[in-house]
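> Sharing a structure below in structure tokens format, with a few things to ask.
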Amino acid sequence: MGKLIRATGEESDYPPASGKKYTLEELQRAVGGDIEIVAMSDGQLMVLNEEGKVRALPFNSKATTMTRGFLAPTDMVMGDVVVCKNTEVD
């Protein structure tokens, strides 16, 4: 089961509707647009809005901290994200 991490810092469980795998539409709805996927070394994925910076979405401090070592050191995550196992995404 994934977690929805909002830019406000609020976290909540975010299970796939099917109970097994997320649909593209579910992930797009959660992040508010087209998705970008960042693979993390622990077998998890972070799904974020690929236009977060262009659309000036709010800065997501928790998600940015989680991506240290995976993204450029000065890169920032903007907007809400979903963190889930790589086996939960088609």
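> State in Å² the accessible area per residue of region 46-90; use a 1.4 Å probe, count heavy atoms of protein chains only, and round to the nearest integer. Write down the numbers at each step before the final one.
On the way: 2460 Å² over 45 residues.
Result: 55 Å² per residue.
> Taking mean projected area of the Cα convex hull in nm² as the quantity of interest, determine which of (1) 5.2; (2) 9.4; (3) 5.9 was computed from the displayed structure.
Answer by label: (1).
> Also: Each residue of region 69-77 in order: what ³J(HN,Hα) in whole Hz does its phi give by Karplus 6.51 cos²θ - 1.76 cosθ + 1.60, θ = phi - 60°, with x for Gly and Pro?
Coupling constants for region 69-77: x, 10, 10, 4, x, 9, 6, 10, 9 Hz.
> Counting only pairs 8 or more places apart or on different chains, how many lysine pairs in the chain have C-alpha atoms closer than 21 Å?
Numbers: K3/K20; K3/K21; K3/K62; K3/K85; K20/K85; K21/K85; K53/K62; K62/K85.
Within the chain, the lysine pair count is 8.
> Same structure again: Given points 7 Å out from each Cα along the Cα-Cβ axis, report the K20 to M40 separation in nanometres with one decimal.
Each label point lies 7 Å from its Cα, and together they span 2.5 nm.
> Leaving out ligands, DNA and RNA, and with a 1.4 Å probe, what % of the accessible surface on the chain is carbon or sulfur?
Details: 2740 of 5130 Å².
Accessible surface attributable to carbon and sulfur in the chain totals 53 percent.
> Quick one: dipole size for the chain, taken about the Cα centre, charges +1 on Lys/Arg Cβ and -1 on Asp/Glu Cβ, in debye to the nearest 20. Each step should come with its number before you reach the end.
Numbers: 10 positive and 14 negative charges, 36 e Å.
Using only the charged Cβ atoms, the result is roughly 180 debye.
> Counting DSSP beta bridges with both partners in region 2-90, what percentage is antiparallel, nearest 5?
Numbers: 17 of 19 bridges.
The answer is about 90 percent antiparallel.
The values are calculated or read from the model by the stated rules, or taken from the named source; none is laboratory data. Just so you know, these numbers come straight off a predicted model, no measurement behind them. Positions of Cβ are generated from backbone atoms using ideal geometry, with glycine treated the same way; all protein chains shown enter the neighbour counts. Calculation scope for accessible area: heavy atoms of the full protein, side chains included, ligands and nucleic acids excluded. Shrake-Rupley method; radii C 1.70, N 1.55, O 1.52, S 1.80 Å.
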